[in-house]
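Once you've had a glance at the structure underneath, I'll fire off some questions.
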């Protein structure tokens, strides 16, 4: 595994088990967090279907963690070059025996040349790109998408899947009070994306043919957003 400069130090430390926040919250709440935000088979299937429609030859999954989404893509396209990246070596190590290449690197600064991939995707990552200031939050999320777009060949596609507002989805539960501290959120002013915000972020990042699919699951409503890297006339 290669390692580049990490900018998301707090998130990296949390995922590597070194964060004081993690020690305070404990593994029980961490398990609750994973239950809410780990993608279900429903949006994995929808996301993999959309990805494989374009018959990509190379796919980069950003913030892959210890999830097995690569299996869904490889079922429909077994010959694709699939690379999983994450800021946490600990998370990636859980799937090191999968045979799929993994890379420890930052979620914004990638050690790849531009136009290296046909598809760049992330699942349940963009809600981590946050800031108390709405303007800075928007700019950070646009930068996150733009960095992904730069890795695409012309006509390549960006995909983001994430959960809609968990409060709207009635996901509060008995762990929500502790969970909101992990997310650095306020119950009355949460920072999850609406459909229009998702579309606007993709367009502002320079992506074309933007769309958002909603996927209803037993955990609530997820979205799968996508956009295409076009030329000057696209």
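How about region 130-146: which of its residues are at pLDDT 80 or above and under 18 Å from residue 88 (Cβ atoms)?
Once the filter is applied, which keeps residues that are at pLDDT 80 or above and under 18 Å from residue 88 (Cβ atoms), region 130-146 yields only 144.
Is it the case that residue 45 is under 20 Å from residue 162 (Cβ atoms), surrounded by fewer than 18 Cβ atoms within 10 Å (Cβ to Cβ), at pLDDT below 90 and touching a helix residue (DSSP H, G or I) at 6+ places or on another chain (Cβ under 7 Å)?
When the stated conditions are applied, residue 45 passes them.
Of everything in region 100-130, what is touching a helix residue (DSSP H, G or I) at 6+ places or on another chain (Cβ under 7 Å), surrounded by 14 or more Cβ atoms within 10 Å (Cβ to Cβ) and without any contact (Cβ under 8 Å) to a residue 60 or more places away in the chain? Give them in sequence order.
Selection gives 100, 129.
Mind listing whichever residues of region 198-234 are modelled with pLDDT under 90 and exposed (fewer than 14 other Cβ atoms within 10 Å of the Cβ)?
214, 216, 218, 231, 232, 233, 234 - these are the residues of region 198-234 that are modelled with pLDDT under 90 and exposed (fewer than 14 other Cβ atoms within 10 Å of the Cβ).
If you don't mind, there's one more thing I want to ask. Out of all the residues in region 86-99, which are under 13 Å from residue 65 (Cβ atoms), free of Cβ contacts under 8 Å to residues at least 60 places away in the same chain and assigned to a loop (DSSP other than H, G, I, E, B)?
Those that are under 13 Å from residue 65 (Cβ atoms), free of Cβ contacts under 8 Å to residues at least 60 places away in the same chain and assigned to a loop (DSSP other than H, G, I, E, B): 94, 95.
Let me ask another. Report, ordered by the first and then the second residue, all pairs with beta carbons closer than 6 Å, sequence separation of six or more or different chains, a first member in region 67-85 that is within 12 Å of residue 98 (Cα to Cα), and a second member that is assigned to a helix (DSSP H, G or I) and modelled with pLDDT under 90.
What qualifies is 69/44.
The values are calculated or read from the model by the stated rules, or taken from the named source; none is laboratory data. All values derive from a computational prediction rather than experimental measurement. In this analysis, Cβ positions are derived from the backbone assuming ideal geometry, glycine residues included, and neighbour counts consider all displayed protein chains.
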